[in-house]
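What follows is a single structure, written as structure tokens, with notes after it.
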């Protein structure tokens with residue numbers, strides 16, 4: 001059985017659960033063995049990265065030309081097969097139960113700050129946001145969107161945080177250079193903070209209004225109560 005390098009690359013793309021770089025694919029070719037079919041892997045053991053990149057480009061062009069429901073894209077420093085956006089309604093229904101919850105506005109704001117200012121310590125993030133960020137940092141760590149990158153030289157040597165490979169995958173970025181410009185990130189953070197503040201103010205207003213109605217009778221109610229004291233309620237005429 002004769003195999004093409006392009007078809008082997010396609011099989012790897014189909015089976016991979018994360019983006020694969022040409023360098024990683026080359027390592028797979030170099031280390032792959034097959035005891036049942038001796039010599040099958042040998043012709044590909046010394047393939048070069050340039051050949052792998054050419055195979056990836058050819059596959060990408062084929063999928064685009066054939067208008068397949070999936071496409072080959074560069075993401076997070078590697079290549080990955082992904083479905084096309086027009087099929088999202090059906091895939092969303094399929095994946096809803098397994099899909100993690102969306103990031104909340106505070107999480108997005110904090111993540112934007114870390115992405116823009118990394119490496120950055122917790123105190124600096126809290127100073128920029130104006131609120132405590134312990135819970136948000138914990139959530140982002142649990143979701144593997146940020147990681148500890150080292151310790152600051154500041155007193156106490158607090159831990160510093162930066163984004164991860166999973167961050168690039170989550171937002172469909174090839175690398176950090178693909179991130180929105182600093183001004184766009186600041187605008188996004190400001191918008192999210194404004195929305196959060198408005199929501200908090202609305203809650204306070206609702207709580208205040210509810211408390212007033214529940215505990216303080218109006219002047220009209222007080223007058224009615226006073227004028228009816230000592231009288232026996234009668235049926236409506």
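Full extension of the chain between residue 61 and residue 144 yields a length gain of 26.6 nm, computed as 0.36 nm times the residue separation minus the alpha carbon distance. Were the residues from residue 33 through residue 82 laid out at 0.36 nm apart, the gain over their Cα-Cα distance would be 14.8 nm. Using 0.36 nm per residue and subtracting the Cα-Cα separation, the extra length available between residue 151 and residue 92 on full extension is 17.3 nm. Under 8 Å for C-alpha pairs, at least 6 residues apart: give me the relative contact order for segment 88-178, rounded to a whole percent. With pairs under 8 Å counted, the relative contact order is 25 percent.
Computed from the coordinates by the stated procedures, all read-outs in this text should not be read as laboratory data. Small disclaimer: the values here were computed from a predicted structure and weren't measured.
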